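Participant: Got a structure for you, written out below as structure tokens; questions coming shortly.
The values are calculated or read from the model by the stated rules, or taken from the named source; none is laboratory data. A quick note: this is a predicted structure, and the numbers were derived from the prediction, not measured. In this analysis, Cβ positions are derived from the backbone assuming ideal geometry, glycine residues included, and neighbour counts consider all displayed protein chains. In case anyone asks, the SASA skips ligands and DNA or RNA and just uses the protein heavy atoms, side chains included. Shrake-Rupley method; radii C 1.70, N 1.55, O 1.52, S 1.80 Å.
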Amino acid sequence: MKERLKQLRKTLDITQQEFADRIGIKRNSYANYETGRNTPIDAIILSICREFNVNEEWIRNGTGEMFVEIDKENQLMMWAGSVLKDESDSFKRRFVNMLMELDESDWESLEKMCLLLNKKD
């Protein structure tokens, strides 16, 4: 499992600290999983699978694909959730919050504006 954990982290292009932070453990604990000194308990494995959309069979025994295929709707919900979790005042967070405030007539107006952008002269 240690090799797959390291492969996953490298594929995600994140540090051990970032990986540990995302699943709510200390960097040293995660480092011990990558070296094989310790084996993650089931709760940690499930956290990894949930946080990074990893196939549990792959992380446990190497079978199947690394990541679970998700549809566009769930992908969008995960993205919006990650943006809203960010406590900074980033543009993405402000933009998503603004979209949440739109009522039906606002959406209709926005659609009309977008159609005008696509209109050819």
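Participant: Which residues, taken from region 95-113, are hydrophobic (A, V, I, L, M, F, W, C) and surrounded by fewer than 10 Cβ atoms within 10 Å (Cβ to Cβ)?
Facilitator: Correct list: M100, M113.
Participant: If you go through region 65-77 one residue at a time, do you hit one that is closer than 14 Å to L8 by Cα and outside any loop (DSSP other than H, G, I, E, B)?
Facilitator: yes
Participant: Pick out the one residue from S47, S82, S88 that is assigned to a loop (DSSP other than H, G, I, E, B), among the hydroxyl-bearing types (S, T, Y) and within 21 Å of I14 (Cβ to Cβ).
Facilitator: Just a single option satisfies the conditions, and that option is S88.
Participant: Has region 71-88 got at least one residue that is surrounded by 10 or more Cβ atoms within 10 Å (Cβ to Cβ) and over 17 Å from the mean Cα position of the chain (by Cα)?
Facilitator: No.
Participant: Tell me which of these A31 doesn't satisfy, since it passes every other one: (1) of a type outside the set (V, I, T); (2) within 22 Å of D86 (Cβ to Cβ); (3) at pLDDT 95 or above.
Facilitator: (2)
Participant: Please specify each residue of region 33-44 satisfying the condition of being part of a helix (DSSP H, G or I) and surrounded by 17 or more Cβ atoms within 10 Å (Cβ to Cβ).
Facilitator: Correct list: Y33, E34, I44.
Participant: Which residue, of K92, K6, is under 30 Å from L110 (Cα atoms) and either open to solvent by 40 Å² or more (accessible area, probe 1.4 Å) or touching a strand residue (DSSP E or B) at 6+ places or on another chain (Cβ under 8 Å) (or both)?
Facilitator: K92
Participant: Tell me which residues, restricted to region 13-32, are surrounded by 15 or more Cβ atoms within 10 Å (Cβ to Cβ) and under 27 Å from W79 (Cβ atoms).
Facilitator: I14, Q16, F19, A20, R22, I23, I25, Y30
Participant: Something else: Looking at region 46-57, which of the residues that are out of contact with any Phe, Trp or Tyr (no Cβ under 8 Å at 6 or more places or on another chain) and over 17 Å from Q17 (Cα atoms) is most open to solvent (accessible area, probe 1.4 Å)?
Facilitator: R50
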